[in-house]
Amino acid sequence: MVALHTLRYLKTSVSFHRSLILISNNNFPPFTLLHLLTMTTSSKLISCVILDLDGTLLNTDGIVGKVLKIVLSKYGKEWDGRESLKTLGMTPFESAAAVVNDYALPCSTTEFISQISPLFSEQRCNIKALPGANRLIKHLKSHGVPMALASNSPRESIEDKISYHDGWKNSFSVILGGDEVRTGKPSPEIFLEAARRLSVEPSRCLVIEDSLPGVTAGKAAEMEVVAVPSLPKQSHLYTAADEVINSLLDLQLEKWGLPPFEDWVEGTLPIDPWFIGGPVVKGFGRGSKLLGIPTANLSTEGYSDILAEHPAGVYFGWARLSTRGVFKMVMSIGWNLYFNNKEKTIEPWLLHDFNEDFYGEQLRLVIVGYIRPEANFPTLESLIAKIHEDRKVAERALDLPLYSSFKNDSYLRSS
């Protein structure tokens, strides 16, 4: 309460000097002093962040799918992902029990776990950090924001997974596994215990979660909760969360009274470049005819893992057509919510006026920046207007040295 009263005082007082004295006498965390003076819109005052691991920081789903495909095939079954939503956020035992039951496997849950556990252990070194995870952890640590890691996974499994990611273990003041509490999520116990070990009131904790049980647990603990759904087209289910975002790239920490990211450049976020290429294929036939925006579509065949790694949204970079040269490019990845595509697609728009189609020509892309998450639009006109706005943002950004240097990337130049 002292912190909130201080915030209100700062917003209304004409005495800046008296405000500084008031803050300095209340022993706020190191990041709070500066941010209290600059924060103007948030009514929240968060002191720490509690993060889930699987599906929130780590892209565990891909590994889970690979392992289950192998094990289920031994029983003549095929993993189709239908249990993904049901098992999301469960404890490992609960998830295994659900698979055994729904696939009518002739084994006990314990036996099934004994079959999949060695395969999971072998694959842990291949679990990648989700986009924005390293950025978030480094940012909070550099600003002195205490962090806890609270997962339904066993503590030993958590420690093993994060050991493959430099600096993660030492960034968390508290690491808590599901085997260290009596009841896992959706019980609030694990989050309340994390807050107790951090010596922070639950109401001053921000939980970041990808699962419905995790969101339920966070709200039951009377904490603020940001949901980052790890499964597509499920945002409508997360009504209990205080905010739902598409990915960690879209997290706005200042909404919660935390130091904002300062790495956005002219409406764009620099990302680690990634590469994709192949022949230009026919798409849905909507680009030129319906939208007036001719896209050079790529087949997603062979790129399912890459697509799964990157959140749906609007990106930009450089494109090379094998016989025509290198061009600026803005692209969407996702399901195009206005048209409700059934599959995740890649739709690059080469920012150049071409006089003819180039189906079948080899196209290579270097993706260097992020603009915004995928969104739905009330009208076709509003969708078209937003796409043209994205074009302007991308064109300006690609003239900056930060991005323009990738025009000569060796991936574009190689045959």
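Please verify whether Val200 is in a loop (DSSP other than H, G, I, E, B) and either hydrophobic (A, V, I, L, M, F, W, C) or in contact with a strand residue (DSSP E or B) (Cβ under 9 Å, 6 or more places away or on another chain) (or both), treating the condition exactly as stated.
Values: in a loop (DSSP other than H, G, I, E, B): yes; either hydrophobic (A, V, I, L, M, F, W, C) or in contact with a strand residue (DSSP E or B) (Cβ under 9 Å, 6 or more places away or on another chain) (or both): yes.
Yes: the conditions hold for Val200.
Among Glu224, Glu254, Glu262, Glu243, which is under 14 Å from the mean Cα position of the chain (by Cα) and of a type in the set (Asp, Glu)?
Details: Glu224 fails: under 14 Å from the mean Cα position of the chain (by Cα); Glu254 fails: under 14 Å from the mean Cα position of the chain (by Cα); Glu262 fails: under 14 Å from the mean Cα position of the chain (by Cα).
Going through Glu224, Glu254, Glu262, Glu243 in turn, just one is under 14 Å from the mean Cα position of the chain (by Cα) and of a type in the set (Asp, Glu): Glu243.
Does Arg197 satisfy being at pLDDT 95 or above, open to solvent by 30 Å² or more (accessible area, probe 1.4 Å) and not aliphatic (A, V, I, L, M)? Spelling it out, Arg197 is indeed at pLDDT 95 or above, open to solvent by 30 Å² or more (accessible area, probe 1.4 Å) and not aliphatic (A, V, I, L, M).
Just one of (1) in contact (Cβ under 8 Å) with a residue 24 or more places away in the chain; (2) assigned to a loop (DSSP other than H, G, I, E, B); (3) open to solvent by less than 30 Å² (accessible area, probe 1.4 Å) fails for Val215. It is (2).
Looking at segment 389-412 only, could you name the residues that are touching a residue at least 12 places away in the same chain (Cβ under 8 Å) and among the basic types (Lys, Arg)?
Residues of segment 389-412 touching a residue at least 12 places away in the same chain (Cβ under 8 Å): 390-391, 393-398, 400, 402-403, 406-407, 409, 411-412.
Matches in segment 389-412: Arg391, Arg396, Lys407.
Would you confirm whether or not segment 46-69 contains a residue that is modelled with pLDDT of 90 or more, more than 21 Å from Ile158 (Cβ to Cβ) and touching a strand residue (DSSP E or B) at 6+ places or on another chain (Cβ under 9 Å)? Yes, the conditions are met somewhere in segment 46-69. Among the candidates Ser235, Ser230, the residue that is in contact with an Asp or Glu (Cβ under 8 Å, 6 or more places away or on another chain), of a type in the set (Ser, Thr, Tyr) and open to solvent by 30 Å² or more (accessible area, probe 1.4 Å) is uniquely Ser230.
Of all residues in segment 146-157, exactly one satisfies the criterion of being in a helix (DSSP H, G or I) and surrounded by 17 or more Cβ atoms within 10 Å (Cβ to Cβ), namely Ser157. Pairing each residue of segment 365-377 that is in a strand (DSSP E or B) with any residue that is of a type in the set (D, E, K, R), provided the two are 6+ apart or on different chains, yields C-beta distances under 7 Å for Val366/Asp409; Ile371/Asp390; Pro373/Asp250.
Would you say Thr295 is at pLDDT below 90, surrounded by 18 or more Cβ atoms within 10 Å (Cβ to Cβ) and more than 22 Å from Val226 (Cβ to Cβ)? Before you say what the answer is, go through the steps one by one.
Numbers: at pLDDT below 90: yes; surrounded by 18 or more Cβ atoms within 10 Å (Cβ to Cβ): yes; more than 22 Å from Val226 (Cβ to Cβ): yes.
Answer is yes for this residue.
Annotation: of all residues in segment 168-182 being assigned to a loop (DSSP other than H, G, I, E, B) and open to solvent by less than 40 Å² (accessible area, probe 1.4 Å), the one that is nearest to Ser47 (Cα to Cα) is Phe172.
Search segment 100-122 for residues that are surrounded by 12 or more Cβ atoms within 10 Å (Cβ to Cβ) and pair each with any residue that is of a type in the set (D, E, K, R) when their beta-carbon atoms are under 6 Å apart and the residues are at least 6 apart or on different chains. Once the first residue is surrounded by 12 or more Cβ atoms within 10 Å (Cβ to Cβ) and sits in segment 100-122, its partners that are of a type in the set (D, E, K, R) give Asp102/Glu83; Tyr103/Lys77.
Scanning segment 384-403 for residues that are open to solvent by less than 50 Å² (accessible area, probe 1.4 Å) and out of contact with any strand residue (DSSP E or B) (no Cβ under 9 Å at 6 or more places or on another chain) turns up just one, Ile384. So, Gly267, is that one at positive phi, at pLDDT below 95 and not basic (Lys, Arg) or not? So Gly267 fails the test. When segment 321-330 is filtered for residues that are under 18 Å from Ile367 (Cβ atoms) and either modelled with pLDDT of 95 or more or outside any strand (DSSP E or B) (or both), the ones remaining, listed by number, are Val326, Phe327, Lys328, Met329, Val330.
Residues of segment 124-145 that are open to solvent by 40 Å² or more (accessible area, probe 1.4 Å), closer than 19 Å to Val200 by Cβ and assigned to a loop (DSSP other than H, G, I, E, B): His143 alone.
Name the one entry in Ile333, Ile346, Ile367 that is surrounded by 20 or more Cβ atoms within 10 Å (Cβ to Cβ), within 29 Å of Leu251 (Cα to Cα), of a type in the set (Val, Ile, Thr) and modelled with pLDDT of 95 or more.
Testing whether each residue is surrounded by 20 or more Cβ atoms within 10 Å (Cβ to Cβ), within 29 Å of Leu251 (Cα to Cα), of a type in the set (Val, Ile, Thr) and modelled with pLDDT of 95 or more leaves just Ile367.
A residue that is at pLDDT 85 or above, over 27 Å from Val244 (Cβ atoms) and either touching a helix residue (DSSP H, G or I) at 6+ places or on another chain (Cβ under 8 Å) or surrounded by 14 or more Cβ atoms within 10 Å (Cβ to Cβ) (or both) cannot be found anywhere in segment 375-383. Take the conditions within 22 Å of the chain's Cα centre (by Cα), modelled with pLDDT under 95, open to solvent by 20 Å² or more (accessible area, probe 1.4 Å) and closer than 30 Å to Gly144 by Cα and apply them to Glu309. Does it pass? Here the answer is yes, as Glu309 does meet what is asked.
The values are calculated or read from the model by the stated rules, or taken from the named source; none is laboratory data. Note that the coordinates shown come from a computational prediction; the quantities given were computed from them, not determined experimentally. We place every Cβ from the backbone using ideal geometry, glycine too, and count neighbours over all the protein chains shown. We work out accessible area using only protein heavy atoms, side chains counted, and drop any ligands, DNA or RNA first. Shrake-Rupley method; radii C 1.70, N 1.55, O 1.52, S 1.80 Å.
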